[in-house]
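Derivation of every value follows stated rules applied to the coordinates shown; laboratory data play no part. On a predicted model such as this, the values are computed, not experimentally measured, just so you know. Cβ atoms come from the backbone with ideal geometry, glycine included; neighbour counts cover every protein chain shown.
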Amino acid sequence: MTVYVIDDHPLMRDALTMLLHRVKPGLKIIPIHKLNVVESTVEKNGPPELFCLDLQLPDTLGVSGVQVLKSKFPDVPLVVVTSSSASEYEARCLEAGADGFIEKSNSPALIIAGLRSLLVTEEAAAIEDAAVPAGPTKLSKRQKQLILMLDQGLSNREIAEKLEISEHTVKVHFWRLFRRLGVNSRTQALHFARTNGWLGI
């Protein structure tokens, strides 16, 4: 599996490489310092299976980097790893197509959890994490809807159609739900809901 880490700070690239290897040893990690060399680097090193993108690069700023990468590699998962605040940028990045958002100020454990949700399949995560961590018992009305729709086996697209929102907005809601429950996948969220008797809500 090849992961491209796009960040102009060598220390941050090294730190992310170390954390990625802790999530999944044996990953092939390619460091990139700016956005305009991504395509040539991919041609040289092989197809990407995950992008880790900083928002502040020498040749791009803010959400535009997400938009550029998603336009060129629409099927490749992308996680934003940035010093920018989640309150200002998270929803915008997810709406632009990002699959995850991680603040650099988070603890290594939280960064690893965010990376792990994109590197480990739901099935593998369910096996590795048989004991799902406890989370808060209060959910918003929208979060309760999401859990019920998960239980029905609906895809993001089907959920978006039912709720009359975009698929990316569904991703935003799931990202926030998973963080609230302290889980990394749909499988874990459903397990948590069943364990706590929430499917009758």
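Against the main long axis of the alpha-carbon atoms of the chain, helix 167-181 sits at an angle near 70°. Computed from the C-beta positions of residue 11 and residue 166, the FRET efficiency with R₀ = 41 Å rounds to 0.70. Ranked for footprinting exposure by Cβ neighbours inside 10 Å, fewest first, 102, 29 give 29, 102.
Hey, what's the Cα Rg ratio for region 2-119 versus the globular rule of thumb, 2.2 N^0.38 Å? Provide the component values of the computation, followed by the final result.
Details: Rg = 12.7 Å, N = 118, 2.2 N^0.38 = 13.5 Å.
Taking N as the residue count of region 2-119, the ratio is 0.94.
Remark: relative contact order (the chain) = 17 percent; criterion is Cα-Cα distance under 8 angstrom and separation of 6 or more residues. Of the GluC sites (Glu not before Pro) found in region 149-201, the ones in coil according to DSSP and having at most 16 other Cβ atoms within 10 Å of their Cβ are 164. For the chain, the normalised intensity computed at q = 0.18 Å⁻¹ comes to -1.30 (log10 of I(q)/I(0), Debye sum over alpha carbons, equal scatterers, no solvent).
Note on the chain: dipole from Cβ charges, positive end direction compared against 4, 78, 45; the farthest Cα belongs to 78.
Averaging the sequence gap over all C-alpha pairs within less than 8 Å and six or more residues apart, then dividing by the number of residues, gives region 1-68 a relative contact order of 43 percent. Solvent-free Debye calculation, one equal scatterer per alpha-carbon of region 1-48: log10 I(q)/I(0) at 0.24, 0.30 Å⁻¹ equals -0.87, -1.13. The angle between the Cα long axis of helix 186-195 and the longest principal axis of the Cα atoms of the chain comes to about 30 degrees, rounded to the nearest 10. A Förster radius of 25 Å, combined with the Cβ-Cβ distance separating residue 140 from residue 61, puts the computed FRET efficiency at roughly 0.20.
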